[in-house]
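In what follows, a single structure is set out as structure tokens and then discussed.
The values are calculated or read from the model by the stated rules, or taken from the named source; none is laboratory data. The shown structure was predicted, so the numbers you read here are calculated from the model rather than taken from an experiment. All Cβ positions, glycine included, derive from the backbone under ideal geometry; neighbour counts span all protein chains shown. Protein only, heavy atoms only, side chains kept; ligands, DNA and RNA dropped before computing areas. Shrake-Rupley method; radii C 1.70, N 1.55, O 1.52, S 1.80 Å.
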Amino acid sequence: MTSQKTAGAAELHDRMRRRAPLVHCITNYVAMNVAANVLLAAGASPAMVHAEEEAGEFAGLAGALTVNIGTLSPGWVGGMKAAIAGAMAAGRPWVLDPVAHFATGYRRRVAAELLALRPTVVRGNASEIIALDGGVSAGQGADAGDPVEQAEEAARRLSRAHGAVVAVTGPVDFVTDGTRAARISGGSALMPKVTALGCSLTCLVGAFTAVAPDAPFEATAAALATFAAAGEAAERGADGPGSFAMRFLDALHGLEAPALEAGERIRPA
């Protein structure tokens, strides 16, 4: 039997669909509905639970936790920390999405506190990853202002410093565990025109890590490849962002695993 640490993207995609993992998603108001639909279309089961009073307990029931800081408030931060504690106590992987963490002092402080809790995976755009490493980015709010290539060394340093897999997403994604690295190609130029797709990708990374908790690098690459393949398929016949969004969910639902490893979609970096 292929081990988790050597399983390819196609096999992990099949495994995720067979197991339909429950993913505990603490995400922002803008992304909740989109992220839930993305997970359902891909084959996972979403739960949007954020209250501090129950988040810690619920995290132990889920296969993985994802934490997105897009719309912060003190109560939600309490829920995030409780959920992280619950996930870690239960041995579950968790994924951090530090949305626009460089924009305000409050966001910088919260992102630093969450990063110190040692996420399994960090997923962000190039500007977010550069700033999280202590560099100066050209980001504007949640939008990246830097190319993925410029964030690759920052991603490697973050990975080594915090023991997390780090994914930098953009036209060509980059993922590293501090030693290994890969680039994932595909997707569509229309993807940044549809709100919350990046946040939804974080949730999908959670779904893949849920079924391969001992192989977060492979799981993250498989999730990125899934998004890239679905984006390519959705672009065909789309007239713009609206029709693309609809086609993207359909493409996720109908995606066949071999498309994840076709050609050179996942390449060593």
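In this structure, is Ser188 among the polar types (S, T, N, Q) and more than 15 Å from the chain's Cα centre (by Cα)? It is true that Ser188 is among the polar types (S, T, N, Q) and more than 15 Å from the chain's Cα centre (by Cα). Kindly indicate whether any position in the stretch 106-114 is at pLDDT below 95, open to solvent by less than 40 Å² (accessible area, probe 1.4 Å) and either not basic (Lys, Arg) or not in a helix (DSSP H, G or I) (or both). No, there is no match, as no residue in the stretch 106-114 is at pLDDT below 95, open to solvent by less than 40 Å² (accessible area, probe 1.4 Å) and either not basic (Lys, Arg) or not in a helix (DSSP H, G or I) (or both).
Answer yes or no as to whether Gly86 is modelled with pLDDT of 95 or more, out of contact with any Cys (no Cβ under 8 Å at 6 or more places or on another chain) and open to solvent by less than 40 Å² (accessible area, probe 1.4 Å).
Details: modelled with pLDDT of 95 or more: yes; out of contact with any Cys (no Cβ under 8 Å at 6 or more places or on another chain): yes; open to solvent by less than 40 Å² (accessible area, probe 1.4 Å): yes.
Criteria met by Gly86.
One residue alone among Val172, Val148, Val165 is in contact (Cβ under 8 Å) with a residue 40 or more places away in the chain, touching a strand residue (DSSP E or B) at 6+ places or on another chain (Cβ under 7 Å) and within 18 Å of Ile130 (Cα to Cα), and that residue is Val165. Restricted to the stretch 7-53, and to residues there that are assigned to a loop (DSSP other than H, G, I, E, B) and of a type outside the set (Gly, Ala, Ser), the residue that is nearest to Ala215 (Cα to Cα) is Pro21.
Would the stretch 97-116 turn up any residue that is among the hydroxyl-bearing types (Ser, Thr, Tyr) and under 17 Å from Ala155 (Cα atoms)? Checking the stretch 97-116: not a single residue is among the hydroxyl-bearing types (Ser, Thr, Tyr) and under 17 Å from Ala155 (Cα atoms). Hey, does the stretch 47-57 have a residue that's within 17 Å of the chain's Cα centre (by Cα) and open to solvent by less than 40 Å² (accessible area, probe 1.4 Å)? Checked against the condition, which is being within 17 Å of the chain's Cα centre (by Cα) and open to solvent by less than 40 Å² (accessible area, probe 1.4 Å), the stretch 47-57 yields at least one hit.
Sub-8 Å Cβ pairs linking a first residue in the stretch 89-110 that is on the phi > 0 side of the Ramachandran plot to a second residue that is open to solvent by 40 Å² or more (accessible area, probe 1.4 Å), at least 6 apart or interchain, are Gly91/Pro213; Ala100/Ala142, ordered by first then second residue. Within the stretch 181-192, the set of residues being in contact with a Gly (Cβ under 8 Å, 6 or more places away or on another chain) and part of a loop (DSSP other than H, G, I, E, B) comprises Gly186, Gly187, Ser188, Leu190. Might you let me know whether the stretch 126-138 holds any residue that is within 21 Å of Val34 (Cα to Cα), of a type in the set (S, T, N, Q) and open to solvent by less than 30 Å² (accessible area, probe 1.4 Å)? No, because not a single residue in the stretch 126-138 is within 21 Å of Val34 (Cα to Cα), of a type in the set (S, T, N, Q) and open to solvent by less than 30 Å² (accessible area, probe 1.4 Å).
Is it true that Leu65 is assigned to a helix (DSSP H, G or I), open to solvent by less than 40 Å² (accessible area, probe 1.4 Å) and in contact (Cβ under 8 Å) with a residue 60 or more places away in the chain? Here the answer is no, as Leu65 does not meet what is asked.
Can you name the helices (runs of 4 or more DSSP H) wholly within the stretch 193-269 that have at least 1 residues being basic (Lys, Arg) and open to solvent by 50 Å² or more (accessible area, probe 1.4 Å)?
Numbers: elements: 197-211, 216-235, 241-254.
Counting at least 1 such residues, we get 241-254.
Close Cβ contacts (under 6 Å, 6 or more residues apart or on different chains) running from residues in the stretch 25-48 that are closer than 10 Å to Thr66 by Cβ to residues that are open to solvent by 40 Å² or more (accessible area, probe 1.4 Å) comprise Cys25/Met48; Ile26/His50.
Within the stretch 192-207, residues that are basic (Lys, Arg) sit with their Cβ atoms under 8 Å from residues that are at pLDDT 95 or above, at 6+ positions apart or across chains, in these pairs: Lys193/Gly240; Lys193/Pro241; Lys193/Phe244.
Every residue, every condition in (1) of a type in the set (Asp, Glu); (2) under 19 Å from Val165 (Cα atoms); (3) more than 15 Å from the chain's Cα centre (by Cα), yes or no:
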position	(1), (2), (3)
Gly86	no, no, yes
Gly91	no, yes, yes
Pro98	no, yes, no
Arg107	no, no, yes
Leu114	no, yes, yes
Val122	no, yes, no
Ala126	no, yes, no
Ile130	no, yes, yes
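Please state which of the following conditions Lys81 fails to meet, knowing it meets all the rest: (1) outside any helix (DSSP H, G or I); (2) out of contact with any helix residue (DSSP H, G or I) (no Cβ under 6 Å at 6 or more places or on another chain); (3) open to solvent by 30 Å² or more (accessible area, probe 1.4 Å); (4) more than 16 Å from Met32 (Cα to Cα). Every listed condition holds for Lys81 apart from (1).
Quick check on the stretch 171-178. Is at least one of its residues closer than 20 Å to Pro21 by Cα, of a type in the set (Phe, Trp, Tyr) and either at pLDDT 95 or above or outside any strand (DSSP E or B) (or both)? Looking through the stretch 171-178, none of the residues is closer than 20 Å to Pro21 by Cα, of a type in the set (Phe, Trp, Tyr) and either at pLDDT 95 or above or outside any strand (DSSP E or B) (or both).
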